[in-house]
Amino acid sequence: MEYWIWDGVHPRYRGHQLMADEWERAVRGFWKWTPMKSSLLNLAVVLLASLITLHGADAGINKPLGLSTGPNTTVLKNGQPYRGVGVNYFDCFLRTLSRGDDTSYDAGFATLARKEIPFARFCATGFWPKDMQPYQTNRAEYFRRLDGVVNSAQKHGVGLVPSLFWFYSCVPDLVGEPMDQWANPKSKTQAWMREYVRETVTRYRNNPTIWFWEFGNEYSLGANLPNAKEHRPAVHPTLGTLWVFDLSNQKDFNVTATIARSWQLDLIAEANKTLRNRTSSEAKSK
């Protein structure tokens with residue numbers, strides 16, 4: 001019986017069921033002997049899907065976000081303690097990013113609402129560099145498509161967890177740099193990512209449909225898997241990647257990941273500072 005797909009990492013249907021059964025067993029055991037620690041469980045469940053999250057809430061913003069942190073590590077929704085389990089809706093934005101008239105995500109959010117699934121995590125950029133052509137050439141059109149996804153989810157009452165840089169090699173390939181430029185504060189990679197984070201988070205910072213922000217997907221795999229070298233970024237020039245994968249430019253992933261995480265913390269602090277400044281300016285103008 002096969003539980004995993006070809007890469008030995010991602011599960012098939014039976015693999016998902018195996019993990020779900022084990023997760024349920026562990027959760028039931030936790031509740032049985034530590035019922036007073038339910039607040040910690042709430043936090044773990046709501047943030048289960050994320051690896052690295054960006055917290056967009058700010059004390060100066062009057063309009064509350066869908067989720068917020070409460071006392072003793074609790075998670076609040078509309079001011080009340082909350083727990084919930086959502087789904088990955090990986091391509092709800094990608095499908096309209098590649099075909100501007102594709103609004104099939106709306107039917108998907110309607111289905112999630114009928115099934116009472118509270119939130120969905122999705123890829124909030126392109127997967128391949130080629131997918132980002134609308135952003136590079138016509139940002140108004142790019143954000144029109146992303147607005148469509150957000151508005152649809154809001155209409156159906158489904159929260160969103162945008163993952164800003166799902167595939168870690170997309171941006172370096174997009175700007176023509178090797179992967180190690182993630183850790184270079186003067187690189188085109190970091191400059192592009194900073195601009196995208198500022199523009200996207202600022203656009204939706206007061207929208208209650210955005211439950212929280214995620215920086216990327218499964219970044220730890222490249223550092224933790226014993227066969228990590230087999231999962232180096234693919235070379236697909238027709239999809240916008242570099243023509244050659246230059247191993248001489250690849251530093252140890254663990255070092256790069258450590259430096260990159262430090263940069264992410266700096267970026268979060270900078271994003272929050274920007275939000276405070278904007279909020280203060282808006283308050284003075286009223």
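The values are calculated or read from the model by the stated rules, or taken from the named source; none is laboratory data. None of the values given here were measured: they were computed from a predicted structure. Positions of Cβ are backbone-derived with ideal geometry, glycine not excepted, and every protein chain shown enters the neighbour counts.
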Select from the range 178-214 the residues that are under 15 Å from the mean Cα position of the chain (by Cα) and assigned to a loop (DSSP other than H, G, I, E, B) and write down the one among them that is nearest to ALA234 (Cα to Cα).
PHE212
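Give, as residue ranges, the helices (runs of 4 or more DSSP H) completely inside the range 65-177 that count at least 1 residues that are in contact with a His (Cβ under 8 Å, 6 or more places away or on another chain) and more than 19 Å from GLU214 (Cβ to Cβ).
Working: elements: 94-98, 105-114, 133-137, 139-155, 170-175.
Where helices (runs of 4 or more DSSP H) fall fully within the range 65-177 and carry at least 1 residues being in contact with a His (Cβ under 8 Å, 6 or more places away or on another chain) and more than 19 Å from GLU214 (Cβ to Cβ), they are 105-114.
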Could you tell me whether any residue of the range 201-209 is modelled with pLDDT under 95 and under 14 Å from PHE167 (Cβ atoms)?
no
Out of all the residues in the range 147-164, which are surrounded by fewer than 21 Cβ atoms within 10 Å (Cβ to Cβ) and aliphatic (A, V, I, L, M)?
VAL150, LEU164
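Taking the options THR258, THR241, name whichever one is of a type in the set (Ser, Thr, Tyr), at pLDDT below 70 and either more than 17 Å from GLN136 (Cβ to Cβ) or assigned to a loop (DSSP other than H, G, I, E, B) (or both). Full working, then the answer.
Details: THR241 fails: at pLDDT below 70.
Residue meeting the stated conditions: THR258.
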Cβ-Cβ under 7 Å, sequence separation 6+ or interchain: first residue in the range 74-101 and without any contact (Cβ under 8 Å) to a residue 24 or more places away in the chain, partner buried (at least 20 other Cβ atoms within 10 Å of the Cβ) and part of a helix (DSSP H, G or I). Which pairs?
ARG95/TYR105
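Assess whether THR189 counts as being without any contact (Cβ under 8 Å) to a residue 24 or more places away in the chain, crowded, with 19+ Cβ neighbours inside 10 Å and either among the β-branched types (Val, Ile, Thr) or touching an Asp or Glu at 6+ places or on another chain (Cβ under 6 Å) (or both).
On the way: without any contact (Cβ under 8 Å) to a residue 24 or more places away in the chain: yes; crowded, with 19+ Cβ neighbours inside 10 Å: yes; either among the β-branched types (Val, Ile, Thr) or touching an Asp or Glu at 6+ places or on another chain (Cβ under 6 Å) (or both): yes.
Considered against the rule, which asks whether it is without any contact (Cβ under 8 Å) to a residue 24 or more places away in the chain, crowded, with 19+ Cβ neighbours inside 10 Å and either among the β-branched types (Val, Ile, Thr) or touching an Asp or Glu at 6+ places or on another chain (Cβ under 6 Å) (or both), THR189 comes out as yes.
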